[in-house]
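Just so it is clear, none of the values below were taken in a lab; they were calculated from the coordinates. Just so it is clear, the model here is predicted, and its values are computed rather than measured. Quick reminder, even Gly has a Cβ in these numbers, built from the backbone with ideal geometry, and neighbours come from all protein chains shown.
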Amino acid sequence: MLEFEYLCDLKVDVGEIVTMGPGPLGERRIVAILGGTFEGPGMRGTVLPGGNDWQIVREDGVLDVDARYALREERGGAIRVVSQGYRHGPPEVLAALGRGEEVDPSTYFFRSVLRFETGAPELAHLNKTIAVAKAQRKARQVLLTAYRLL
């Protein structure tokens, strides 16, 4: 039986979707990560601007997400984040999300697996952490609640 422990909440501010057009695996898109915040037991800080979310909209309607960005913890430590997952749901719900409308997160699936890397001694536990996050898409923000796999 898998066990999980609450790790943190992330509020990631995102830019406009930039399409790179259709490719052999689907429509390639990129979304800039502009900033944000995170907070959990024993850590809090900001999401640094400069990361990106590389996406593929697959033929079956699944959004394949591969986000890579950095956090700055309030004590100064930097944390690399790799977040990979899927978002899918009914076409009308996904269309509403695409228009930036408020959508009940229970009407679609958005999950991600997170891995971390840091040189900060007080955050070294993250170097051995795999987390699973439940996510929600807002018009200009992605909200994630992450749970550490024990």
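Structural remarks
- Derived scalar couplings between HN and Hα for the range 3-8 equal 10, 10, 9, 3, 10, 5 Hz in order, rounded to whole Hz, by the Karplus curve 6.51 cos²θ - 1.76 cosθ + 1.60 (θ = phi - 60°), x for Gly and Pro.
- The range 64-132 shape via C-alpha gyration tensor axes, a/c threshold 1.5: prolate
- Percent of Cα pairs in the range 1-67 per distance bin of 5 Å, from zero to the largest separation: 4, 15, 19, 17, 15, 14, 11, 6, 1.
- Positive minus negative residues near ARG58 (Lys, Arg vs Asp, Glu; Cβ under 14 Å): -2
- Neighbourhood charge, 14 Å Cβ-Cβ cut-off, centred on ALA67 and excluding it, Lys, Arg +1 and Asp, Glu -1: +4
- Note on the range 95-137 and the range 20-92: Cα centroid distance 8 Å, given to the nearest whole angstrom.
- Selection among ALA139, THR19, LEU71 by position relative to the dipole of the chain gives LEU71 as farthest towards the positive end (Cβ unit charges, Cα centre).
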